[in-house]
1. Output the helices (runs of 4 or more DSSP H) that fall wholly within the range 34-153 and possess 1 or more residues being under 23 Å from Phe200 (Cβ atoms) and hydroxyl-bearing (Ser, Thr, Tyr), or say none.
2. Do we find a residue being over 20 Å from the mean Cα position of the chain (by Cα) and at pLDDT 95 or above anywhere in the range 207-219?
3. How many residues are outside any helix (DSSP H, G or I) and touching a residue at least 24 places away in the same chain (Cβ under 8 Å) if we restrict to the range 189-210?
4. With the structure loaded, tell me whether Glu126 is assigned by TED's automatic domain parsing to the domain that holds Arg84, of a type outside the set (Gly, Ala, Ser) and either closer than 21 Å to Asn94 by Cβ or without any contact (Cβ under 8 Å) to a residue 24 or more places away in the chain (or both) or whether it fails that test.
5. On the basis of being at pLDDT 80 or above, part of a helix (DSSP H, G or I) and surrounded by 11 or more Cβ atoms within 10 Å (Cβ to Cβ), does Leu176 make the cut?
6. Taking the condition of being of a type outside the set (D, E, K, R), within 14 Å of Gln122 (Cβ to Cβ) and surrounded by 14 or more Cβ atoms within 10 Å (Cβ to Cβ), how many residues in the range 23-47 meet it?
7. Which one of His140, His104, His113 is closer than 25 Å to Lys18 by Cβ and in the same structural domain as Phe200 (by TED's automatic domain parsing)?
8. Condition (residue is under 15 Å from Arg33 (Cβ atoms) and among the β-branched types (Val, Ile, Thr)) applied to the range 67-79: is it met by at least one residue?
Amino acid sequence: MTDPAIDTNEKPAKRVHKPAEQRQQEIIAAAVRAFADRGYQVTDMQTIAEFAGVGKGTLYRHFPNKEELFKSALTHQLDILRERMMLARDSYSNPLCRLYAMMHAYLEYFDTHPDTVELFIQERAEFGREITPLYFQRMHENKSDWLFVFEDIKNSYPVREFLSAEEMSSLCGELLHGAVYLSMASVPKRTSLARLEQVFSFYLHGIMHVQNPLSFVEQFNDCLTHSITQQTQELENN
């Protein structure tokens, strides 16, 4: 006898067909989680397919191998960072406020996306010193996004004459990059963003030949107190 509670005519659930771009983005997001959680060596394509909720064949239609998927995942994370920094840059017209906002966006990004640092570490460990890390490749490729901010600072404030705008940009990037790694290793734990005021002050004292370079920024109270956290949250929701 057939159990009346069971519908024998019930059809199997249909596979949801999604646009290729949406499916690809879901796979990349799953890959970021899988690589960050398990490491490059342990994570295989089957694991990523399971994280993404797709078949292995679907995964291979979008990405031919694990290395290409890893690079795409890291590139995606760096695209988010760039987007956040450009949003911050365009929030102000004053060059020092722009710099402060960009620093804020950078440090906050790594606090909210710790998986990205894990991918940095794995890239270095797996692909060695013979390649330039994607982070530095992308920063070099996109330097025009930020260079004019440093040129504006050099033209508007008493910057040390021997420093070029490109050197100012490089020094700033190295300080921020180091602050992120230092925060990861600090005991007790301290967020990267908690170092913002210290890094910003240290940087201005380094590039300017005046006793108190922060006096140039104090007149822009909104610059020092404004957080772009709300803006980045809105960006994530769109």
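1. Helices (runs of 4 or more DSSP H) meeting the threshold: 95-112, 114-127, 134-141.
2. Yes, the range 207-219 has at least one match.
3. The number of residues fulfilling the criteria is 5.
4. When the stated conditions are applied, Glu126 does not pass them.
5. For Leu176, the condition - at pLDDT 80 or above, part of a helix (DSSP H, G or I) and surrounded by 11 or more Cβ atoms within 10 Å (Cβ to Cβ) - is met.
6. Here the count works out to 8.
7. The match here is His113.
8. No - not one qualifying residue is present in the range 67-79.
The values are calculated or read from the model by the stated rules, or taken from the named source; none is laboratory data. Predicted, not measured: the structure shown is a model, and the values here were computed from it. Counting neighbours? That spans all protein chains shown, and the Cβs are built from the backbone with ideal geometry, glycine included.
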